[in-house]
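To keep things clear, I will list the structure first and then write my remarks on it.
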Amino acid sequence: MDELAIKIEHVSKQYRLGAIGGGTLKGDLQSWWARKRGREDPNSKIGSRTDLKPGDKFLALDDVSFEVKKGEALGIIGHNGAGKSTLLKLLSRVTAPTSGTLSYNGRITSMLEVGTGFHQELTGRENVYMNGAILGMTKAEIDRKMDQIIDFAEMRQFIDTPVKRYSSGMYVKLAFSVAAHLDSEIMVMDEVLAVGDMAFQKKCLSKMRQAATQEGRTVLYVSHNMNTIRQLCSRVIVLDHGRVIFNGEVEKGIAVYMGGDTDMHSDVTILPYMRTIECKSPIKMTRFRTNREDCTFPFGSVLPFELYVKSDDAAAHECYIRAIIHSMNGDAISMCNTERAISIQPNGETAKRFRIDISQLVPGDYYLDISIFEVGALGAQERFDVIQNLYRFRIIETPGFNLDKPWYPAGWGYINNGVISEL
């Protein structure tokens, strides 16, 4: 354990729905009375699962095991509900695991959400002292760090103001500055940069990188921003439904998270579960097909495809097709629409052929979103159907591309504009 900062062995966290009240006695009574009468819970969230009932159990984390070395910057990524925040709460001792063990080697500073650990009635300065005391620091130690904390947070003018008057941006600046400057060996950060402005985000990333590489502190960082994961982390863990599905190199982990490790398919049948947004429209896409079995295109190609659209409406519709191309880290690269509206036949399936110019995309992996929409009389768009991450494809190099030298998308972009013409 001397070289390890954190060791997690077979950790699981189980919750029982309805075990804790909804926040108010009135709300709890409303929910109880609705259940007694067999009615829908008036306090349930819109879109929440209906197959889980009060008393049901589910695993937020399921047999999670990994180690983190001292001085390592570990990224934790995964979709919403994957168990990331639950894991950080266990590490921060906010809650205890149902089974398994967590071992630490050093003090932990955590920032799980904006203003975590701040008392609303205390000033910013008083909250700094309180956070330091919780970490076991003396007043003299905090005094030595106070000016650094205030200056980094850019809060000197407001440091003696009660934090209940702070904006969300002021909260995150001071909270991060406290976590970054107090003497702890392990920093646990959950989406802490989502609120701050761009300049402060860059400063925070630089500080966390310095903490890991120069100060020897261990950083655990959760984010949906893959660019910040790339800049900060030396390793990533990917969580999915409470389980670790990847533990290793950053780029490979991001590919797993974005779906890049899955097989590419040239003929895709569109099923209901593929829609991230529930579609109640009578017009739905049912199939997407290309003529490239391996989904691979040489640089300078076009992408031909066939799209099948089914209509359950008795009336014909004039619709447009939109395609958005993304890089595998989720960045939107380009967008294009059909030039003219296409006719969707009533009560039947319509097949149409299209092509997209991908001739300027540099070698690499990409994915395609497809949507279908109608334009009203006043120009308003009504979306009928949207399928994200519908089709994955690969651009490969051709002889002479970039003078036969590697292309670095992270620094140069994903579009090749050719040569610079001399005037």
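Where a number appears in this text, it was derived from the coordinates with a stated rule and is not lab data. This structure is a prediction, so every number in the text was calculated from the model and none was measured. Cβ placement follows ideal geometry from the backbone for every residue including glycine, while neighbour counts extend to all protein chains displayed.
Quick notes on this structure:
- Beta bridge orientation in the chain: antiparallel %, DSSP, nearest 5: 75
- For region 387-400, backbone phi angles converted through the Karplus equation (6.51, -1.76, 1.60; θ = phi - 60°) give residue-by-residue couplings of 10, 8, 6, 6, 9, 10, 9, 10, 9, 10, 5, 10, x, x Hz, Gly and Pro being listed as x.
- Phi-derived couplings, Karplus 6.51 cos²θ - 1.76 cosθ + 1.60 at θ = phi - 60°, listed residue by residue for region 359-369: 5, 9, 6, 7, x, x, 9, 9, 9, 10, 9 Hz, with x used for Gly and Pro.
- Axis of helix 124-134 versus longest Cα principal axis of the chain: the two differ by about 80°, to the nearest ten degrees.
- For region 113-240, alpha-carbon Rg over 2.2 N^0.38 Å: 1.03
- Proportion of all alpha-carbon pairs of region 148-216 beyond 17 Å (%): 39
- Note on region 267-412: with charges restricted to the Cβ of Lys and Arg (+1) and Asp and Glu (-1), its dipole about the Cα centre is near 80 debye.
- Packing-based ranking of 303-313, 169-179 yields 169-179, 303-313, ordered from highest to lowest mean Cβ neighbour count within 10 Å.
- A Cα-only calculation for region 191-251 places Rg and Dmax at 12.4, 35 Å.
- At 0.692 mPa s and 37 °C, Stokes diffusion of the chain via Kirkwood alpha-carbon radius, µm² per second: 130
- Under the Karplus curve 6.51 cos²θ - 1.76 cosθ + 1.60, θ = phi - 60°, whole-Hz ³J(HN,Hα) for region 174-189, x wherever Gly or Pro sits: 5, 5, 5, 4, 4, 5, 7, 9, 6, 7, 10, 8, 10, 10, 10, 10
- For Lys84, the aspartates and glutamates whose Cα comes closer than 17 Å to its Cα, not counting residues fewer than 8 places off in the same chain, are Glu9, Asp62, Asp63, Glu67, Glu113, Asp190, Glu191, Asp240.
- Based on the Stokes-Einstein relation at 25 °C and a viscosity of 0.890 mPa s, and on the Kirkwood radius from alpha carbon pairs, region 236-335 is assigned a translational diffusion coefficient of 147 µm²/s.
- Under-27-angstrom lysine pairs by C-alpha in region 267-412, whenever the two are 8 or more apart or on separate chains: 5
- Each residue of region 312-414 gets 125 Å³ once the volume of the Cα convex hull is shared out per residue.
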